[in-house]
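Take a look at the structure below.
The values are calculated or read from the model by the stated rules, or taken from the named source; none is laboratory data. Please read all numbers here as calculations on a predicted model, not as lab measurements. FYI the Cβ positions are ideal-geometry reconstructions off the backbone, even for glycines, and counts take in every protein chain you see. What goes into the accessible areas is simple: the full protein's heavy atoms, side chains included, and nothing from ligands, DNA or RNA. Shrake-Rupley method; radii C 1.70, N 1.55, O 1.52, S 1.80 Å.
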Amino acid sequence: MTIDNLKIEFEKKFNKAAEHIFFCPGRVNLIGEHIDYNGGMVMPCAITMGTTLLVAKNDENIFRFRAVDFPETTDVALQSAYSKAGDEWFNYPVGVIHECSKAGIDLTGLDFLFSGNLPIGSGLSSSASIEVLTAHALNEMFNAGMSRVELALLGKRVENDFMGLNSGIMDQFAVAMGKSSNAVLLNCDTLDYQYLPFEIGDYVLAIINTNKPRKLVESKYNERFNECRTALKALQQKLNITHLCEISMEDFNANKQLINNPVVENRALHVVAEDERVKKAKDALLSGDIKTFGELMYASHDSLQNLYEVSGAELDTIVEFAKTFEGCIGARMTGAGFGGCAIALVKREQFDDFKEQIIPFYEERIGYKPGVFSSVIAEGVRTIV
Ligand code: GLA
């Protein structure tokens, strides 16, 4: 929907004009998967698709939540603390209001209209997008003075404490801090970051959506989180570390027998190796060696498929096709996995062929079509009006 149509929609729902319009993108992660909650290095970037919010104050001390894309609505009275109700979309902005109240920000009633073009449950961080979007809106409207990094941290608290998912900081950081044409190289332990120009020459960044219905992602995600904690505890018997990503491959190999569980050992091996891949990917990008970057993407996928076991037939089919396509130099699942999206580096002039060929290949194996588009790296959260 265009901004003008959204304004009309807002007026229809609330009988008044919107006062402000804000936008927050989604993200893809180029490399560094499932290591943000292990203190590792990740390399996400914000994309052009995202969530738009139109909002106006009301003097009734009520928060009204409406969305263009969802029929569910709720009205919540202004109070000192809020709790999650069911599994509906509006829990994310309610969670942000909860965190803002906890932080002492003096809110008044608000009418919200959300609209997004990120496929929901596709692993492009629609939830981080709505969290950081709402936090940015409240920050601007109530002059709360939070930095962008603080907005990201607030979004993470909503995810962890309000929604109950033990996710790391990557998604919120990427959508808050994204910079057009740049990847964000983030140290998830210290939050030190650096922008890396994503110069990929004749290639485009393709996003392939499995279109797999979202199932079990949260429980499997928390299971991996706990397996990493188990591995960390075992290694701490001998090593003085606070995160799995603090150890080198050499130290890991010398101490892995402490873990004493082959599955948990594989999880930890993925984490340690993936962190090293991100560092290599950074060097490859800085020296313009896109081929090596692509190879690291394939290696990352392989590890997520076989060691960390968060891929699945849908994502593997995409990567398998990518490997046979001559104009593609790297592909991998992105985000939490178990469905969602894969990314690929495809020769610009062959992108249309890639799209034309991957759709029937995937459909024959999986039974329905994937979504395929090329993406541009965009800015993080912003004020439109
Ligand atoms: C989800 C989480 C992130 C990160 C990725 C996997 O997107 O929200 O914090 O852990 O999965 O890398």
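Charging the Cβ of each Asp and Glu at -1 and of each Lys and Arg at +1, and nothing else, the dipole of the range 36-119 about its Cα centre rounds to 120 debye. With the simple model of a label 7 Å out from the Cα in the direction of the Cβ, ARG229 to MET1 spans 4.0 nm.
The range 239-308 and the range 139-204 have Cα centres spaced 22 Å apart.
In the chain, the longest principal axis of the Cα atoms and the axis of helix 217-236 are about 50 degrees apart.
When +1 charges are put on Lys and Arg Cβ atoms and -1 charges on Asp and Glu Cβ atoms, the dipole computed for the chain relative to its Cα centre reaches about 280 debye. Ranking PHE173, PHE225 by solvent-accessible area of protein heavy atoms (1.4 Å probe, all protein chains present), from largest to smallest, gives PHE225, PHE173. Rolling a 1.4 Å probe over the heavy atoms of the protein chains gives the range 34-76 an accessible area of 33 Å² per residue. By accessible area, using a 1.4 Å probe on protein heavy atoms only, the chain has 47% of its surface on carbon and sulfur. Between the range 18-82 and the range 312-375, the alpha-carbon centres lie 28 Å apart.
For the range 163-279, the per residue solvent-accessible surface stands at 45 Å², with DNA, RNA and ligands left out and a 1.4 Å probe. Using only Cα atoms, tell me the angle between helix 126-141 and the longest principal axis of the chain; keep it within 0 to 90° and round to the nearest 10. Approximately 40 degrees, to the nearest ten. May I ask for the percentage of alpha-carbon pairs in the chain that lie more than 30 Å from each other? Summing the P(r) of the chain above 30 Å gives 40 percent of all pairs. The phi-based Karplus calculation (6.51 cos²θ - 1.76 cosθ + 1.60; θ = phi - 60°) puts the 3J(HN,Hα) values of the range 317-322 at 5, 5, 5, 4, 4, 4 Hz, whole numbers, x for Gly and Pro. Does the range 296-369 come out rounded, prolate or oblate, given a ≥ b ≥ c as the square roots of the eigenvalues of its C-alpha gyration tensor, rounded meaning a/c under 1.5 and, failing that, prolate meaning a/b above b/c? It comes out oblate by the Cα gyration axes.
Note on the range 252-385: with charges restricted to the Cβ of Lys and Arg (+1) and Asp and Glu (-1), its dipole about the Cα centre is near 380 debye. Note on GLN257 and TYR195: their simple-model spin labels are 5.0 nm apart, each label 7 Å out from Cα toward Cβ.
Which shape class applies to the range 203-375: rounded if a/c is under 1.5, otherwise prolate when a/b exceeds b/c and oblate if not, where a ≥ b ≥ c are the square roots of the Cα gyration tensor eigenvalues? Oblate is the answer for the range 203-375, as a/c is 1.5 or above yet b/c matches or exceeds a/b.
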